[in-house]
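Undergrad: Can you keep this structure in mind? I'll have questions shortly.
The values are calculated or read from the model by the stated rules, or taken from the named source; none is laboratory data. In this text, all values refer to a predicted model and were calculated from it rather than measured experimentally. Ideal geometry is used to build each Cβ from the backbone, glycine not excepted, and the neighbour counts take in all protein chains shown.
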Amino acid sequence: MKPITRKEELLLLTILNLNKDAYLISIQDYLAEITGKKVGMSTIHLPLSKLENRGLISSDFGEATAIRGGRRKRIYKVTDKGLKALHEYREISNSLWMDYLKLAERP
Amino acid sequence: MDGLPEISGKAVMSSDKDSRCPRLYLSVFEKLASEREAETLTGDFEELYVRVENENGKFYSFFWFILLSISLIPSFIYNNIYWSSIMIKNYLKISLRNLKKYKGYSFINISGLAIGMACFILIMMYIQNELSWDKFHHKADNIYRVCNDLDFNMMGRNGWAVTEWKLADAIKNEYQEVLNSTHFYRFRNAIIDNNKMNSFENGYYADEHFLEIFTFPIINGDKNPDLKAPFTIVLSEKTAKKYFGDENPVGKVLHINSQYDVKVTGVISNIPENSHMKFDFLISSTTLETFPDMKRRLANWNSQFSYTYILLNDNKNHRALEKKLVDFVSKYKGEDSTSSYFLQKLTDIHLHSNLMADISANNDIRYIYLFASIGVFILLLACINYMNLSTARSSERAKEIGIRKVAGAQKKQLISQFIGESVIFVFLALLLAAILVFLFLPFFNSLINRNIEINIIQSFKIFVLFVLTLFFTSIFAGSYPAFYLSSFHPSKVLKHSSITGSTGTSLRNILVIFQFCVSIILISGTAVVFSQLHFIKNNRLGYNREHVIVLPLRTENVREGYELIKRNLLDKPDIKEVTGSVNLPTSITWRNGRTNIENGRGEMVEQATFNTYVNYDYLKVFEIEMKTGRFFSKDFPGDKIDGIVVNETLVNLMRWEQPVGKRIVFGDNTYKIIGVTGDIYFQSFEQAVKPLTIRFSSSNNNYLSARISSDNIPEVLEHFEKTMKKLHPEYPFNCYFLDDVFNRMYSSEHNLGKIFGCFSGIAIIIACLGLLGLASFNAARRTKEIGVRKVLGASIANITILLSREFTRFIIYANIIALPVAYYAMNKWLQNFVYRIDNNPLIFILSGILAFLLAVLTVSYKSIRAARANPVDSLRYE
C-alpha cells in the first residue's frame with residue numbers, strides 16, 4: 001500500500017480526534033490550533049478528496065445548520081484501511097527515532 | 001466508495017436572511033463545484049465567509065472569495081477527472097462485454113465499418129496525390145503557362161498549349177509584371193550515345209531560365225548549370241546513372257542522334273511523379289538556334305510548337321495581363337490576327353486543362369469530385385450499417401437502459417455513454433482499417449497506376465485523416481443510435497420483457513433503400529464506363545490498330561536506309577506490310593491554318609487543315625478505307641511530287657462533288673488530289689474528325705510501321721531486332737505496338753473504370769453485409785414465430801419467402817429510384833465523347849437485377865438457416 005504523507009497523517013489524526021465532528025471547517029480550525037499556522041480551504045480539500053478516493057477515509061452527510069444556509073455538512077471518518085496506514089506511518093517514524101536515539105546514546 | 005456516484009439530494013434550504021453571504025458568491029461557488037460536492041462545499045464556504053467578513057470586512061472578503069475560488073480549481077479538476085474516469089471504466093466494461101456477447105454482429109459491424117473507412121482513406125490519399133500536382137515548385141503560385149486560343153477557319157476555336165518560339169522573350173520585354181519567362185521544345189526519342197551504349201530518351205530543348213523558374217534540385221554540378229551556351233545538357237538523376245553509373249557526369253560528352261555532341265553541365269534529381277512535365281534531359285535551346293533549318297521556324301510568329309511559361313510578380317495581376325495581351329497580339333502578329341493568348345496557372349494544368357497538344361494526358365477535376373463522392377458514399381454506407389445494426393439490436397440493451405435511468409442517469413449521460421461506445425467501436429474498426437489500407441495500398445497503386453507511398457510527411461497527414469475519420473464516423477454514426485437508445489422510457493422498458501424492436505423500423509428501411517440505391521448507381525455507372533471504354537478500344541476508328549509494330553526512325557542515317565530496312569523486314573512472311581510516315585495515326589498534330597484549297601467554283605480559299613506525310617503501303621498497314629480515287633502508287637511516279645490525298649471530312653467541308661484533281665497549295669507548292677480516304681480518328685475521342693491532307697514522304701519518315709500476323713510474335717520481334725542490328729548496329733533498337741500507344745491516351749478513363757468497378761463492388765458488399773446483419777437479427781427475433789409456423793405445417797420454402805419478402809421489397813424500391821438517376825448521370829458523362837455508345841437502358845436494368853439477385857441471396861441465406869431450425873429448440877425457451 002502506498003505510504004501516506006505527513007500532511008495526510010495530520011489530516012487522518014485530526015479526523016480521528018474530532019471524532020464524529022470532522023468536517024472541512026472543523027478540520028481547518030483544529031489544524032490551525034495544533035500547528036499554529038492558518039490553513040486554507042484549498043490546502044485541505046484536495047488531499048481530503050484524494051484520501052477518500054483511495055479509501056482511507058469515508059464521508060457521509062451531517063446536519064444542516066442555518067449558518068450554512070441550510071446546507072448539510074460532509075462528515076469524514078477514518079476507515080480501517082486508513083487506521084492501518086496511520087499505524088504503518090507511526091511504525092516507520094518510531095523505528096527511525098529509535099535508531100537515532102540508540103546512536104545518540106553511544107559515547 | 002465504489003461503483004455508482006452518490007445520489008445527491010438537497011436538504012430543505014432555510015431562507016438566506018440568516019446568513020450575510022451574498023447570493024452571487026454562493027451561486028458561483030455552486031456552479032464551480034462538482035455535483036457531488038456542491039451542497040457541502042458551498043455550505044463550508046458560507047460558514048467561513050461569515051467569519052471572514054466579520055473579521056475583515058466586505059472588501060477583504062471579496063478578494064478572499066476570488067482567491068479561494070481560484071485556488072480550489074485544481075481540486076475541482078481532480079474530482080471531475082476522478083469521477084469521470086470511474087464512469088468511463090464502467091462504460092468500457094459494459095461495451096466490451098457487449099462486444100464479446102454478440103461476437104457475430106460485432107464482427108459484421110466492425111468489418112463493414114473498417115472496409116468502408118479503408119476505402120475512404122485510400123480514395124482520399126489518391127485525391128490528395130492528384131491535388132498535389134506541380135505544387136513542389138517553390139514559385140508555383142506565380143507560374144503561369146501562356147496558351148493560344150487559335151481560331152482555325154471552320155474548325156472552331158480550340159485552346160492550344162503550344163505557342164510561338166519568340167513569345168517568351170517578347171512577353172518578358174514588354175511587361176514589367178513578368179519577372180521571368182522560359183520556353184522549351186519537346187525532343188522526343190532522342191538517341192543519346194556515350195560511346196559505350198545508346199538508347200532513346202525524351203527531353204526538352206530548354207533555355208537557361210527554365211531551371212530559374214521551376215524547382216528541380218541540382219544534385220551535381222554548381223547551383224546554376226549552364227544551359228545558356230549551345231550544346232550543353234543537364235541530365236536527370238536516372239539518366240545520369242544510366243549513362244555514367246556512379247561517376248560524376250559533369251564535363252563529360254554525349255552524342256545526340258549521331259548529329260552533334262553536348263557537354264554535361266549538371267544533374268538534377270529525378271522528376272517527381274506529380275509533375276506534368278516529365279523529361280530525362282534538358283539541352284540548351286541555343287543549340288536549336290544553330291541549326292539552319294530551324295532558323296525560320298524559330299522566328300515565325302505563325303508557327304506554334306513550344307511551351308511558354310512565365311513568372312509573375314504577383315498572381316493577382318494575371319487577369320490584367322491577359323487583357324494587355326490583346327495589344328500584344330496586334331503588335332507582334334499583325335492587326336488582323338484572330339488569335340489570342342490566355343494564361344493558365346501552373347497548378348491548374350493537371351486537373352483543369354483540356355488543351356490540344358498538351359504535354360501529357362491530364363486528368364479532369366470532375367473525376368476528382370466523382371471519386372471524392374464515391375469515397376464519401378462508401379463511408380456513408382458503412383456508417384448506415386452501423387446505425388441500422390445498433391438500433392435493430394436495441395431491445396437487447398433495453399433493460400440496461402431502463403435500470404440506468406431508474407438509478408438516476410440523465411439523458412445527457414446516456415447519450416455520452418453510447419457515443420463513447422461508438423468511439424470505441426469505430427476506433428477498433430479504424431485499427432482494422434489501418435491494417436487494410438497498409439495491405440491493399442500496393443494493389444490500389446497498381447490499379448490506378450500511381451505510386452502513392454506512406455512516408456513520414458505523408459504519415460502525419462494520414463494520421464490527421466484517420467483521426468478526422470474517427471471523429472466524423474463515430475459522432476455521425478453513433479449519434480442516431482445514441483439518441484434513439486437514450487430515449488427509452490424506463491417504465492415501458494422494464495415492464496415488458498422485451499421491446500419488439502419495431503420502433504424506428506421505418507428510418508432503418510429508408511436507410512437500407514438508400515444503401516442499395518447508391519450501390520446500384522455505382523454498378524450501372526461501372527457498366528457504362530466499361531462499355532464506353534470497350535467501344536473505344538475496339539472501334540476501328542477508321543483504321544486497324546491491332547498487330548502493328550512501330551519503329552521510330554530518329555537519325556538521318558536510319559531514315560535514309562528506310563527502303564533497305566523495309567525490304568529486309570518483308571523477307572519474313574509474318575511481316576505482311578511495311579510503311580513509313582512522319583506521324584503515327586494516333587497523333588497527327590501538324591496543322592496549317594491557311595492552306596489554300598481550290599473550291600467547287602475553281603477559286604482558292606483558305607481552309608485550316610491537319611497535315612501529314614506518309615509512304616507507300618500506308619493504307620495496307622493501317623487498313624484504311626479508300627473512298628474514291630487512289631492512294632500513292634509506284635505506278636504513278638508523279639504522285640511523289642505533287643500528289644495529295646485528303647479525308648472525307650475535307651471533302652464534305654469543301655462540298656466537292658468531284659474531289660479528284662482539285663488543287664491544294666502549301667506555300668510555293670501546288671498539289672493535286674488523287675484520292676479520298678475514309679475518316680480516321682487521329683485525335684482523341686472527344687474531338688470530331690478534322691480535315692486532313694496526306695502528302696508523300698520520301699526520306700523524312702519518322703516512323704516505320706509494319707503490320708504483322710498474330711502468330712509467332714516473339715519470332716517477328718526477333719527478326720526486327722536482327723534486321724536493325726545488321727543494318728544499323730549503332731542505332732538503339734526500340735519498337736512497340738501501336739495499340740499500346742493508343743491505350744495510353746485513355747489512361748484516365750481507364751483509371752476511372754477500374755476505380756468505379758472496384759468500389760462499386762465494395763459498396764454492394766457493404767450493403768449486403770448490412771442486409772445480412774439485419775436479416776439475421778430479424779430471423780433471430782422471430783424464432784418463436786417460425787417455430788410455431790413450422791409446427792402448424794409451413795414448409796421451409798414458405799418461411800424463407802416470408803422472411804425474405806420484407807427485404808426484397810426494398811431492393812425493388814431502390815431500383816425504382818436509382819436507375820433513372822444513374823441513367824441521367826451516365827448520359828451526361830457520355831456527352832463528353834463525340835463518339836460514344838448508345839446509352840442503352842438495358843445496362844441499367846441488368847445492374848438492377850444484379851443488385852436484386854445479390855440481395856436475395858444474402859437474405860435467403862439467413863432465412864433458410866432460420867427456416868430449417870428445429871421447432872422443438874426454438875419453442876423450448878419459455
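Undergrad: Mind listing just one residue for me: the one in the range B:35-65 that is more than 10 Å from chain A (Cβ to nearest Cβ), in contact with a Phe, Trp or Tyr (Cβ under 8 Å, 6 or more places away or on another chain) and among the hydrophobic types (A, V, I, L, M, F, W, C) and, of those, farthest from A:D21 (Cα to Cα)?
TA: Only one residue tops the list, namely B:F65.
A quick yes/no check of all residues on (1) buried (at least 16 other Cβ atoms within 10 Å of the Cβ); (2) part of a helix (DSSP H, G or I):
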position	(1), (2)
B:S373	no, yes
B:I384	yes, yes
B:A409	yes, no
B:I419	yes, yes
B:L436	yes, yes
B:F443	no, yes
B:L447	yes, yes
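Undergrad: Next question, about the same structure. Which condition number does A:G82 fail, the rest of (1) surrounded by fewer than 17 Cβ atoms within 10 Å (Cβ to Cβ); (2) over 24 Å from B:S69 (Cβ atoms); (3) within 14 Å of another protein chain (Cβ to nearest Cβ) being met?
TA: Of the numbered conditions (1) surrounded by fewer than 17 Cβ atoms within 10 Å (Cβ to Cβ); (2) over 24 Å from B:S69 (Cβ atoms); (3) within 14 Å of another protein chain (Cβ to nearest Cβ), the odd one out for A:G82 is (1).
Table: residues versus (1) more than 10 Å from every other protein chain (Cβ to nearest Cβ); (2) surrounded by 19 or more Cβ atoms within 10 Å (Cβ to Cβ); (3) at negative phi; (4) β-branched (V, I, T).
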{"position": "A:I34", "(1), (2), (3), (4)": "yes, no, yes, yes"}
{"position": "A:S42", "(1), (2), (3), (4)": "no, no, yes, no"}
{"position": "A:R74", "(1), (2), (3), (4)": "no, yes, yes, no"}
{"position": "A:V78", "(1), (2), (3), (4)": "yes, yes, yes, yes"}
{"position": "A:S93", "(1), (2), (3), (4)": "yes, no, yes, no"}
{"position": "A:Y100", "(1), (2), (3), (4)": "yes, no, yes, no"}
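Undergrad: When only residues in the range B:259-298 that are assigned to a strand (DSSP E or B) and aromatic (F, W, Y) count, which is nearest to the chain's Cα centre (by Cα)?
TA: Taking the candidates together, the pick is B:F281.
Undergrad: Hey, another quick one. Give the residues of the range B:858-873 that are under 52 Å from the mean Cα position of the chain (by Cα) and in a helix (DSSP H, G or I), sorted by residue number. First the steps, then the outcome.
TA: Residues of the range B:858-873 that are under 52 Å from the mean Cα position of the chain (by Cα), as a first pass: B:858-869.
Within the range B:858-873, B:T858, B:V859, B:S860, B:Y861, B:K862, B:S863, B:I864, B:R865, B:A866, B:A867 meet the criteria.
Undergrad: Taking A:E8, is it among the acidic types (D, E), more than 12 Å from the chain's Cα centre (by Cα) and more than 9 Å from chain B (Cβ to nearest Cβ)?
TA: Here the answer is no, as A:E8 does not meet what is asked.
Undergrad: How many of the residues in the range B:258-278 are touching a residue at least 60 places away in the same chain (Cβ under 8 Å) and not small (G, A, S)?
TA: 7
Undergrad: Please go through the range B:587-607 and give me each residue that is under 30 Å from B:L551 (Cα atoms) and without any contact (Cβ under 8 Å) to a residue 24 or more places away in the chain, ordered by number.
TA: B:W590
Undergrad: Assess whether B:Y823 counts as being within 30 Å of the chain's Cα centre (by Cα) and part of a helix (DSSP H, G or I).
TA: So B:Y823 passes the test.
Undergrad: Among all residue pairs at least 6 apart or on different chains, which show Cβ distances below 6 Å where the first residue, located in the range B:71-93, is aromatic (F, W, Y) and the second is modelled with pLDDT of 90 or more?
TA: Once the first residue is aromatic (F, W, Y) and sits in the range B:71-93, its partners that are modelled with pLDDT of 90 or more give B:Y82/A:N53.
Undergrad: Could I ask something else about it? Out of B:L584, B:L522, B:L533, I need the residue that is assigned to a loop (DSSP other than H, G, I, E, B) and either closer than 29 Å to B:Q304 by Cα or in contact (Cβ under 8 Å) with a residue 24 or more places away in the chain (or both). Which one? It would help to see each step written out before you state the result.
TA: Numbers: B:L522 fails: assigned to a loop (DSSP other than H, G, I, E, B); B:L533 fails: assigned to a loop (DSSP other than H, G, I, E, B).
The conditions single out B:L584.
Undergrad: Let me ask another. For the range A:48-57, how many residues meet the condition of being farther than 17 Å from B:E39 by Cα, touching a helix residue (DSSP H, G or I) at 6+ places or on another chain (Cβ under 9 Å) and within 9 Å of another protein chain (Cβ to nearest Cβ)?
TA: The qualifying residues number 3.
Undergrad: Would you be able to tell me the number of residues in the range A:1-56 that are touching a residue at least 12 places away in the same chain (Cβ under 8 Å) and of a type in the set (D, E)?
TA: Residues flagged as touching a residue at least 12 places away in the same chain (Cβ under 8 Å) and of a type in the set (D, E) within the range A:1-56 amount to 4.
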